[in-house]
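S.K.: Just dropping this structure here.
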Amino acid sequence: EWTQDLDEIERLVSAIGAKINAVLCGGCTVEQIRRARAVELNASWCYDWGQKLGDLMEERFGIPYSRTGQPYGLKATEEWVMGVAVPLGMEKQAKKMIRRETEDLGWEVDILRRFFEGKTALIEIAEFPGPIRALSLARMASEFGAHPVVINIHPYTIKERMPSIKFLLQQGQNPDVILTKGLFSLGTFRSSRQTEEEVEMIAAQYDNAVYLGTPMRQPGIPQMNLTTMTGFPQYGYRGVK
């Protein structure tokens, strides 16, 4: 993940009055790993990445694990924050912070609604080949009024991430999925000319489509760049901004 996303996660946790012991596998120290079994709660900004370790520590040490999805958009961010706050007894502080952050968003939310509302959102994860991000982005697009369609989830990622996919489906995330022939060609489908043409063909079938993905693709429709590092997060309330 980008460091800006981690910064936003840390900001939200601090804003409700909680303290982070360490970001495991994210630059933590050996001493922080030693103290990991003494924490009150484990949380992850992506259910998929944290699920195995969270379940293991819950089973072995009795530490609860906050099961939440990636905080893209308003609803998912609120759920992520409350998933941390409620087990820690900080629900009141969290609701106050959520209300303050939401009220601070005005024209930014209006822009997102104008971009998505009534559109078909084509979501391609060529730069981030995993289904969890695609499902999270599909939920965000749906929140702002679009009909999400995920393009190309490689089959090998499905089996290994099945617990996470089942979790997200149980949360009501079930977008349409299109697999192109280029996905199964040798090499990466990101650079496949065949896939490029297939994405353009899919986009042409919709009168009101928008594209979420890499600027390496130019399908001829309005698009949201999700891969260029801009110095700003995509997660949380600052991600909405």
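Nothing in this text is a laboratory measurement; each read-out follows from the coordinates by a stated rule. On a predicted model such as this, the values are computed, not experimentally measured, just so you know. Because the Cβ atoms are built from the backbone with ideal geometry, glycine has one as well, and the counts that use them run over all protein chains shown.
S.K.: Taking every alpha carbon pair in the chain, what does the distance histogram look like in 5 angstrom bins from 0, in percent?
M.R.: Result returned by the calculation: 1, 6, 13, 17, 18, 17, 12, 8, 5, 3, 1, 0.
S.K.: Quick one: how many lysine pairs in the chain have C-alpha atoms under 22 angstrom apart, if they're 8 or more apart or on different chains?
M.R.: Taking the Cα cut-off of 22 Å, the pair count is 15.
S.K.: Could you tell me the relative contact order of region 3-104? Use alpha-carbon pairs under 8 Å, at least six residues apart, and round to a whole percent.
M.R.: Relative contact order, region 3-104: 24 percent.
S.K.: What residue among F61, F167, F116 has the largest mean-square fluctuation in a Gaussian network model of the chain, using Cα springs under 10 Å?
M.R.: F61
S.K.: Now a separate question. Full-extension gain between T29 and T230, please, as 0.36 nm times their residue separation minus the C-alpha to C-alpha distance.
M.R.: 69.5 nm
S.K.: Then there is this: Along the Cα→Cβ direction, 7 angstrom out, place labels at T3 and K92. What is the inter-label distance in nm?
M.R.: Inter-label distance under the simple model: 3.8 nm.
S.K.: Now a separate question. Given region 3-104 reduced to its alpha-carbon atoms as identical point scatterers, what log10 I(q)/I(0) does the Debye formula return at q = 0.24 Å⁻¹?
M.R.: For region 3-104, the Cα-only Debye profile gives -1.49.
S.K.: Using a Gaussian network for the chain with springs between C-alpha atoms less than 10 Å apart, which of these wobbles most: E197, E59, E79?
M.R.: Of E197, E59, E79, the Gaussian network model singles out E59 as fluctuating most.
S.K.: Which net charge results for the neighbourhood of R37, defined as the other residues with beta-carbon distances under 15 angstrom from its beta-carbon, given Lys and Arg at +1 and Asp and Glu at -1?
M.R.: -2
S.K.: Taking the chain as a Gaussian network, Cα atoms linked when under 10 Å apart, which of G231, G69, G50 shows the biggest mean-square fluctuation?
M.R.: Fluctuation is largest for G231.
S.K.: Would you mind calculating the gained length between E103 and I178 on full extension (0.36 nm times residue separation, minus the Cα-Cα distance), in nm to one decimal?
M.R.: My answer for the length gained is 23.3 nm.
S.K.: How much net charge surrounds R11 when only the other residues with a Cβ under 14 Å from the Cβ of R11 are counted, with Lys and Arg +1 and Asp and Glu -1?
M.R.: Around R11, the charge tally is -2.
S.K.: In nanometres, what is the gap between the two model label sites at E10 and E59, each 7 Å from Cα along Cα-to-Cβ?
M.R.: Using points 7 Å along Cα→Cβ, the separation is 3.2 nm.
S.K.: Cβ under 9 Å from G182's Cβ, G182 left aside: what net charge do those residues give with Lys, Arg +1 and Asp, Glu -1?
M.R.: With Lys, Arg at +1 and Asp, Glu at -1, the net is -1.
S.K.: Towards the positive end of the charge dipole of the chain, with charges on Cβ (+1 Lys, Arg; -1 Asp, Glu), say which of I153, G69, F116 has the farthest Cα.
M.R.: Of the listed residues, the answer is G69.
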